[in-house]
Amino acid sequence: MYRYKITFAYDGANFSGFQIQPHKRTVEQVLKNAVNKIAKNPDPEISVIGSGRTDAGVHALNQVAHFDIPYKLSNESMRKALNSILPLDILIKKAELVDSDFHARFSAHRKTYRYRVDQGEFVDPFKRNYTSHYKIPVDVELMRKASQDFIGEHDFTSFVASGSQAKSNVRTVYDIQIRRDPANNEVVFDFTGNGFLYNQIRIMVAFLLEIGSKQRPVDDVKRVLAAKDRTQARMTAPANGLYLVEVDYGSTDKNIDEQ
């Protein structure tokens, strides 16, 4: 068997998330169908293992997965073969033959996610699937200051949605960048960490927007982290503004992502 690592992008608007679910269109199922077609429908079927899950409506710029196939193709031939089969809302950017000990999920060490917020007065019909909408003016400097209290290792119980299957709510956030994009009238958040809990980024974004719009004090992150109470954070930003930007396999830290 030969193991391939694939790096791919997808538009999550018409997917019910990454993970296979009965009677629903998912990224994992569509990829699995394509790989098994290339392998001429072997028995047992070939599984595709992703670096992590994304919810319905969430997008990816550089998601990673691996699979084992019973014959060898060149990297470029594998990329082209998959793209010739896959629908237009998934694009294989790179295919690489890798060692059998590579694992898309367990070999990963950190991930970067992006969240885009449109600040227009009304929802732009051409952006509605790709940004969330928050028309209240926000102070980016306040949000930057508040976001620094998320940096480091913390128990994020207050920032995880119900339904999480994580054994621990402790995660490490390495970096948060927040910027205004005047050309698109957006505020853009970038989060890098060793892993993120179920809906954690979307809850953190909603929380920071409340601070930016002066509905919460700038130092409220510390209080709510210490409370370990989900009701203290309240809101969850919509899925459509979230993108998986990068999966890093070069760090020595361990990834424990759940997004």
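The values are calculated or read from the model by the stated rules, or taken from the named source; none is laboratory data. Computed from a predicted structure; not experimentally measured. When we count neighbours, we look across all protein chains shown, and the Cβ atoms used for this are built from the backbone with ideal geometry, even at glycine. Side chains are part of the model used for accessible areas, which takes the heavy atoms of the whole protein and leaves out ligands, DNA and RNA. Shrake-Rupley method; radii C 1.70, N 1.55, O 1.52, S 1.80 Å.
Only Cα sites of region 83-150 enter the Debye sum here, all with the same form factor; the resulting log10 I(q)/I(0) across q = 0.20, 0.22, 0.23, 0.28 1/Å is -1.00, -1.06, -1.10, -1.25, listed in q order.
Approximating the spin labels as points 7 Å out from Cα along Cα→Cβ, the Asp248-to-Lys40 distance works out to 4.3 nm. Treating each Cα of region 138-185 as an identical point scatterer and ignoring solvent, apply the Debye formula and state log10 I(q)/I(0) at q = 0.19 Å⁻¹. One equal scatterer on each Cα of region 138-185 leads to -0.75. For the pair Ala9 and Asp175, the difference between a 0.36 nm per residue extended length and the Cα-Cα distance amounts to 57.5 nm.
Between 0 and 90 degrees, rounded to the nearest ten: what's the tilt of helix 75-85 against the longest Cα principal axis of the chain? Compared with the principal axis, the helix lies near 80 degrees.
Extension gain for Arg128 to Thr231 (0.36 nm times residue separation, less C-alpha to C-alpha distance): 34.3 nm.
Taking a Cβ cut-off of under 11 Å around Ala9, the surrounding Lys, Arg, Asp and Glu residues balance to a net charge of 0, with basic ones at +1 and acidic ones at -1. Take Ser132: with every protein chain present and a 1.4 Å probe, its accessible area is about 10 Å².
Relative to the longest principal axis of the Cα atoms of the chain, helix 200-212 runs at roughly 30 degrees. Principal axis extents of the Cα atoms in the chain, from largest to smallest and rounded to whole angstrom, are 59, 39, 32.
To the nearest ten degrees, helix 27-38 and the longest principal axis of the Cα atoms of the chain are 10 degrees apart. Counted by Cβ distance under 11 Å from Ala56, the other residues give a net charge of +2, where Lys and Arg count +1 and Asp and Glu count -1. Gain on full extension, evaluated as 0.36 nm per residue between Ile151 and Lys24 minus their Cα-Cα distance, stands at 42.1 nm. Using 7 Å Cα-to-Cβ label points, what is the Arg144/Ala183 separation (nm, one decimal)? So the label points at Arg144 and Ala183 sit 2.0 nm apart. Once the C-beta distance of Lys222 and Lys167 is scaled by a Förster radius of 30 Å, the resulting FRET efficiency is 0.75 to the nearest 0.05. Strictly greater than 27 Å: what percent of every Cα pair in region 77-221 meets that? When all Cα pairs of region 77-221 are counted, 37 percent exceed 27 Å.
Taking 1.306 mPa s as the viscosity and 10 °C as the temperature, the Stokes-Einstein diffusion coefficient of region 1-145 based on its alpha-carbon Kirkwood radius rounds to 94 µm²/s. Rounded to the nearest 10 square angstrom, Asp220 shows an accessible area of 10 square angstrom against a 1.4 Å probe.
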